[in-house]
DNA sequence: TTTTAATATCGCAATATTACGATATTAAAA
DNA sequence: TTTTAATATCGTAATATTGCGATATTAAAA
């Protein structure tokens with residue numbers, strides 16, 4: 001099939017999985033890391049820096065935006081993509097809460 | 001294409017993405033949560049609990065094992081799947097280190 | 001106003017993932 | 001030894017993801 005049966009899981013499970021999933025691509029990790037160390041976070045740099053086609057980078061940026069991790073502001077002809085720090089911390093907390101709550105073993 | 005170009009990223013980036021990716025499925029989240037709250041973590045329960053076919057559950061378990069998050073011990077006819085606590089904590093730390101290191105914004 | 005530059009979107013091809021039935025495999029139970 | 005129960009693996013169908021060229025779109029520059 002290839003369809004994740006989201007309907008049999010609850011919303012927190014689906015949401016958490018979605019966050020993990022979007023972080024689960026090396027290009028998106030690299031994009032976040034690169035943006036974080038730039039002062040001027042212009043998308044065009046990313047194409048050269050990461051080494052993927054412009055269309056591909058744009059797609060990855062869109063996905064990172066979809067979970068709120070990036071915010072983009074138009075700056076003349078360019079875009080200024082930045083990490084949304086509030087969301088970033090929120091997400092980190094959510095993941096930690098998952099790790100903290102889910103770690104009792106039985107063997 | 002559909003092929004992730006892993007060769008253009010470095011090992012830490014690929015590894016981190018791989019961890020995120022494997023956590024990025026609601027069934028695997030649910031499996032971890034269920035195992036963590038059981039005393040007896042027998043796989044057969046999971047099929048009823050999660051609501052996916054036995055073959056599918058087995059496949060998800062295999063992926064969780066692949067990043068070391070689960071360890072399985074044979075217990076008679078059954079398997080006792082448990083969270084590998086050392087690995088669990090190690091991974092939590094790795095993800096936190098990513099979040100902590102990568103959060104400077106520019107806007 | 002035309003050109004240029006930066007980014008987004010569309011449409012596709014290639015590959016990956018998800019799910020499951022069917023079929024091993026393995027060890028206890030009968 | 002045969003049966004039963006639990007799990008793993010194989011093969012396959014359906015869908016998702018990745019990546020990119022081509023083509024919008026948009027705003028500054030010429």
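What follows draws every value from the coordinates through simple rules; no lab data is involved. This structure is a prediction, so every number in the text was calculated from the model and none was measured. Neighbour counts run over all protein chains shown; Cβ positions are idealised from the backbone, glycine included.
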Could you please rank A:34, A:81, placing first whichever residue has the fewest other Cβ atoms within 10 Å of its Cβ?
A:34, A:81
Label-to-label distances across copies for residue A:79, with labels 7 Å out along Cα→Cβ, in nm, shortest first?
4.2
Based only on Cα atoms, what Rg/Rh ratio does region B:1-89 have, Rh being taken as Kirkwood's radius?
1.03
Placing the label point 7 Å from Cα along the Cα-to-Cβ direction, what are the distances from residue A:97 to the equivalent spots in the other copies, shortest first, in nm to one decimal?
2.6
In what order do B:91, B:32, A:23 fall by count of nearby beta-carbon atoms within 10 Å, going from fewest to most?
B:91, B:32, A:23
Measuring nothing but label to label, 7 Å from Cα along Cα→Cβ, what are residue A:48's distances to the other copies in nm, shortest first?
6.2
Mind checking B:86-97 for the average number of partner chain beta-carbons within 10 Å of each residue's beta-carbon?
2
Whole-number percent relative contact order across chain A, with pairs defined as alpha carbons under 8 Å at least 6 apart:
23 percent
222 nm [θ] for chain B, helices only, -39500 (n - 2.57) per DSSP H run of 4+, per residue, to 500?
-18500 deg cm²/dmol
